[in-house]
Amino acid sequence: PKTNHAPRRRAAPAAMADAVKQPLLHHRAYPSHAASASSPALPSVPHAGGTPGAGARAGAASSFAGSRRFPGGLDVPNLKKRGGGTRSWIRVEAATASVQTLEVDKATMMRRCGLPARDLRLLDPLFVYPSTVLGRERAIVVNLEQIRCVITADEVLLLNSLDSYVFQYAAELQRRLLQRAEGDELPFEFRALELALEAACSFLDAQAAELEIEAYPLLDELTSKISTLNLERVRRLKSRLVALTRRVQKVRDEIEQLMDDDGDMAEMYLTEKKMRMESSSVFGDQSLATFNPAAAGTSVSAPVSPVSSPTESRKLEKTYSLCRSRHDSVKSSDNSVTEHIEELEMLLEAYFVVIDSTLNKLTSLKEYIDDTEDFINIQLDNVRNQLIQFELLLTTATFVVAIFGVVAGVFGMNFETDVFSIQNAFQWVLIITGVVGAFIFCFFVWFFKHKRLMPL
């Protein structure tokens, strides 16, 4: 028995390693195996009392629980794979303008662009976030309508989707990079951001124009014919208008917020930061190469001075020249950053005018809808007033007619009177009652006119 158990113990780790690797290697071909491997069944442990068959029953129960889910429950392993698995990205390179498709997971994308997970969450199609443009140390995160991308100084990474606007963006960016005009010194990240703003503004403006084409005839029809069908169509149109206005307002606020903050615009100039990092790394390597530990501060190219330490004037001169060079470099970099901030501000201002024009269109359409609703309410109030006036006249006429009923009730009493013996008494009763009723009706009409209860 000892010789039989030893090989099993040595083979168990290898079998377990193969079982763990197998779902990862065959993740695409066998999704069911991968799902079951993410939640393996617990091994059967015998009871302390040594009840026969307890381990088998525990193993069967655990396998039953791992193979079945509650009806209507969430498939958490698949959601985890969707959230943390690989995604398809469209990469547009700045140097060669080449377009290719990459399969990258979220962790790799975070390390590649230097972004935290909360920034990449803005691009996740599983979540619904409003339009956002964020400037980070090494990238710009853009979430504008259908365009969800990460812009760096060297490339643009678009989240691949089935939307045609994504492929149009990649093709248009490639065309502009290949046909770059002479004298156009706009950095790559600004060109990519400009194209994203252009795509978002044109998409929203097209939706606003489509809504206008549909809205104005419908509102004119509603003013001429008020019906339940037309009112329902206007209600749906107004809900679409409110949703589109909210989206346009969010893009406008985002652009305005960027224009008002110089720090955010300076953070988006990735080319300048990349050049600074490269220059600092080059200068650091040169300083390390020219540093001599034995000399402890003396230059390699300069001749060795017979004096062990420089004079005080020499020290002051070196310090002054070093401070002046640093001040000049900082001043030149600040000037370049200010210049590029002005370029980005003018670029944002151009698209701010476009999106503000779209918002004005939607505001005018909303005002037209409100005016139409007010006109319809006025018409309905007028009809309601006419019905009230008719009801008032009808009530007055009913009161006058009730007088005849009172007279008939009085003469219908079971008692003897001399009126019944007069030859034309019935005609005189009718005449007198009619004259009294007409007088009372005219009195009520005059009273209503005097009190301005009806425009007679």
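The values are calculated or read from the model by the stated rules, or taken from the named source; none is laboratory data. Keep in mind it's a predicted model, so treat the numbers as computed, not measured. Methodologically, a virtual Cβ is constructed for each residue, glycine included, from the backbone with ideal geometry; neighbour enumeration extends over all protein chains shown. SASA here: full protein model, heavy atoms, side chains in, ligands and nucleic acids out. Shrake-Rupley method; radii C 1.70, N 1.55, O 1.52, S 1.80 Å.
Scan the stretch 136-152 for residues that are in a loop (DSSP other than H, G, I, E, B) and either more than 21 Å from the chain's Cα centre (by Cα) or over 21 Å from K274 (Cα atoms) (or both) and the total you get is 5. The criterion of being within 24 Å of L362 (Cβ to Cβ), in contact (Cβ under 8 Å) with a residue 60 or more places away in the chain, open to solvent by less than 60 Å² (accessible area, probe 1.4 Å) and not in a loop (DSSP other than H, G, I, E, B) holds for L197. So, in the stretch 76-111, how many residues would count as being open to solvent by less than 80 Å² (accessible area, probe 1.4 Å), among the aliphatic types (A, V, I, L, M) and either at pLDDT below 85 or within 17 Å of V141 (Cβ to Cβ) (or both)? The number of residues fulfilling the criteria is 7. Looking only at the stretch 360-375, decide whether some residue is out of contact with any Lys or Arg (no Cβ under 9 Å at 6 or more places or on another chain), open to solvent by less than 60 Å² (accessible area, probe 1.4 Å) and farther than 30 Å from L195 by Cα. Yes, some residue in the stretch 360-375 is out of contact with any Lys or Arg (no Cβ under 9 Å at 6 or more places or on another chain), open to solvent by less than 60 Å² (accessible area, probe 1.4 Å) and farther than 30 Å from L195 by Cα. Within the stretch 382-398, residues that are farther than 22 Å from G434 by Cα reach partners that are open to solvent by less than 80 Å² (accessible area, probe 1.4 Å) with beta carbons closer than 6 Å, at six or more positions or on different chains, in the pairs Q389/M454. Residues that are farther than 30 Å from A95 by Cβ, open to solvent by less than 50 Å² (accessible area, probe 1.4 Å) and not aliphatic (A, V, I, L, M) were ranked within the stretch 200-234; the one that is nearest to the chain's Cα centre (by Cα) is D205.
Taken as a whole, the condition of being in a helix (DSSP H, G or I), touching a helix residue (DSSP H, G or I) at 6+ places or on another chain (Cβ under 8 Å) and open to solvent by less than 80 Å² (accessible area, probe 1.4 Å) applies to A397. Pairing each residue of the stretch 441-455 that is open to solvent by 80 Å² or more (accessible area, probe 1.4 Å) with any residue that is assigned to a loop (DSSP other than H, G, I, E, B), provided the two are 6+ apart or on different chains, yields C-beta distances under 6 Å for K449/L456. Restricting attention to the stretch 95-126, the residues being touching a strand residue (DSSP E or B) at 6+ places or on another chain (Cβ under 6 Å) and closer than 23 Å to E267 by Cβ number 4.
Looking only at the stretch 84-117, residues that are free of Cβ contacts under 8 Å to residues at least 60 places away in the same chain and in a strand (DSSP E or B) come to 5 in all. Under the condition of being open to solvent by 10 Å² or more (accessible area, probe 1.4 Å), closer than 25 Å to F352 by Cβ and assigned to a helix (DSSP H, G or I), the residues counted in the stretch 153-174 number 3. A Cβ distance below 8 Å, combined with a sequence gap of six or more or placement on separate chains, defines the contacts here; from the stretch 255-276, residues that are touching a residue at least 60 places away in the same chain (Cβ under 8 Å) reach residues that are of a type in the set (S, T, Y) and part of a helix (DSSP H, G or I) in the pairs I255/Y351; E272/S333; E272/S336.
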